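Q: Before I ask anything, let me first share the structure, which is written out below as structure tokens.
The values are calculated or read from the model by the stated rules, or taken from the named source; none is laboratory data. Only a predicted model underlies this, so the values are computations on that prediction, with no experimental measurement involved. Cβ atoms come from the backbone with ideal geometry, glycine included; neighbour counts cover every protein chain shown.
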Amino acid sequence: MVNGERIEAQPGLSGQCPSCGSLTIAKCGELKVRHWAHKGNRKCDPWWENETEWHRTWKNCFPMDWQEIIHQDKNGERHIADVKTAQGWVLEFQHSFLKPEERRARNAFYEKLIWVVNGVRRMRDKTQFFKLLHEMNPISTNPHIRKVYLDECALLKEWSGIHCPVFIDFEEDDLWCLMPTNQNMWGYVVAFPRHEFIAFHNKGADQVQNFDDCLNKLNSFLNLILKQRLIQQERSALQASSFRRNFLRKQSFRL
């Protein structure tokens, strides 16, 4: 903050941290993205990490006054969200590796959280993901949903098992959403157009169709497909069992 206003870091500027009130200085070197930093080595949020160009590009898809929003829970714990939308969603843009315990802590801290994960930070992740995608048949084409074996992709395995949506950015037109529904070591991913994701989250709280509705429809559709497949599997098992009984009965008659 500079004179009470949120502005981007510029050479020679100093400001005030909106969270702790400490002095901040503008870092505007040639190697790293321009950013604000506490003077000295102080960090007021233990979840803070260095901002990359990837972070900045995503955050700038949304209004400045939605960025770096301070949250405080009933116990006084404070953290700074990357973006909080008018619909109440917290968007966390994750570039670096995140320890499972910190991921669980953030999931518990924010009531409505969506992760957007950089899928090209490690060279292997994009290759593994699309290889796996091409090996599996879609369980739906509209929307495009695929069942994937989590052990075959390190990135999916790292981000599986949490009860909030995870959108993976492979720098393609589509983001891939790892749905919260997991079955043992199997997961489900849904293609989600990047421009629609950004458009949904730029809508106001009073919009007729918001992102909550979109996610609920996706979850309902996926659960319906899984229920239908389970019924079909049970029906096939019954038919196989009936066939086996009839076969054994005929064999016993012959004897």
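Q: With the requirement that a residue be surrounded by fewer than 17 Cβ atoms within 10 Å (Cβ to Cβ) and either in contact with a Ser or Thr (Cβ under 6 Å, 6 or more places away or on another chain) or of a type in the set (D, E, K, R) (or both), what does segment 159-173 give you?
A: Of everything in segment 159-173, those that are surrounded by fewer than 17 Cβ atoms within 10 Å (Cβ to Cβ) and either in contact with a Ser or Thr (Cβ under 6 Å, 6 or more places away or on another chain) or of a type in the set (D, E, K, R) (or both) turn out to be E171, E172, D173.
Q: Could you list, in sequence order, all residues of segment 114-128 that are buried (at least 17 other Cβ atoms within 10 Å of the Cβ) and either modelled with pLDDT under 95 or β-branched (V, I, T) (or both)?
A: Hits for segment 114-128 are I114, V116, V117.
Q: When you check K131 against the structure, is it surrounded by 14 or more Cβ atoms within 10 Å (Cβ to Cβ) and charged (D, E, K, R), yes or no?
A: no
Q: Is it fair to say L150 is in the same structural domain as D169 (by TED's automatic domain parsing) and in contact with a Ser or Thr (Cβ under 8 Å, 6 or more places away or on another chain)?
A: yes
Q: Here is a further query. Considering only residues that are surrounded by 13 or more Cβ atoms within 10 Å (Cβ to Cβ) and not polar (S, T, N, Q), look in segment 134-145 and name the one that is farthest from E196 (Cα to Cα).
A: Per the stated criteria, the residue is M136.
Q: Every residue in segment 121-131 that is of a type in the set (A, V, I, L, M, F, W, C) and more than 21 Å from I162 (Cα to Cα), please.
A: The answer is M123, F130.
Q: Within segment 118-138, identify whether any single residue is closer than 21 Å to W58 by Cβ and in contact with a Lys or Arg (Cβ under 9 Å, 6 or more places away or on another chain), and answer yes or no.
A: Scanning segment 118-138, I find at least one residue that is closer than 21 Å to W58 by Cβ and in contact with a Lys or Arg (Cβ under 9 Å, 6 or more places away or on another chain), so the answer is yes.
Q: Do we find that I225 is part of a strand (DSSP E or B), among the β-branched types (V, I, T) and either more than 30 Å from W66 (Cα to Cα) or modelled with pLDDT of 65 or more (or both) in this structure?
A: Against the criterion (part of a strand (DSSP E or B), among the β-branched types (V, I, T) and either more than 30 Å from W66 (Cα to Cα) or modelled with pLDDT of 65 or more (or both)), I225 does not qualify.
Yes or no, residue by residue, for (1) of a type in the set (K, R); (2) closer than 19 Å to V189 by Cα:
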| residue | (1), (2) |
| --- | --- |
| E68 | no, no |
| D82 | no, no |
| K112 | yes, no |
| V120 | no, yes |
| R124 | yes, yes |
| L133 | no, yes |
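Q: Mind listing just one residue for me: the one in segment 68-100 that is in a strand (DSSP E or B) and more than 16 Å from the chain's Cα centre (by Cα) and, of those, nearest to K112 (Cα to Cα)?
A: Per the criteria, the residue is H71.
Q: Condition check: surrounded by 12 or more Cβ atoms within 10 Å (Cβ to Cβ), at pLDDT below 70 and among the charged types (D, E, K, R). Does R78 satisfy that?
A: For R78, the condition - surrounded by 12 or more Cβ atoms within 10 Å (Cβ to Cβ), at pLDDT below 70 and among the charged types (D, E, K, R) - is not met.
Q: Of the residues C153, C164, which is within 18 Å of the chain's Cα centre (by Cα) and closer than 28 Å to G204 by Cα?
A: C164
Q: When segment 163-210 is examined, which residues are found to be of a type in the set (A, V, I, L, M, F, W, C) and at pLDDT below 85?
A: M185, A205, V208
Q: Taking the stated definitions as given, is V148 buried (at least 18 other Cβ atoms within 10 Å of the Cβ), modelled with pLDDT of 95 or more and not hydroxyl-bearing (S, T, Y)?
A: Against the criterion (buried (at least 18 other Cβ atoms within 10 Å of the Cβ), modelled with pLDDT of 95 or more and not hydroxyl-bearing (S, T, Y)), V148 does not qualify.
Q: Pairs under 7 Å by beta carbon, first residue closer than 12 Å to C164 by Cα and at pLDDT below 90 in segment 98-109, partner of a type in the set (S, T, Y) and part of a helix (DSSP H, G or I), six or more apart or different chains?
A: none
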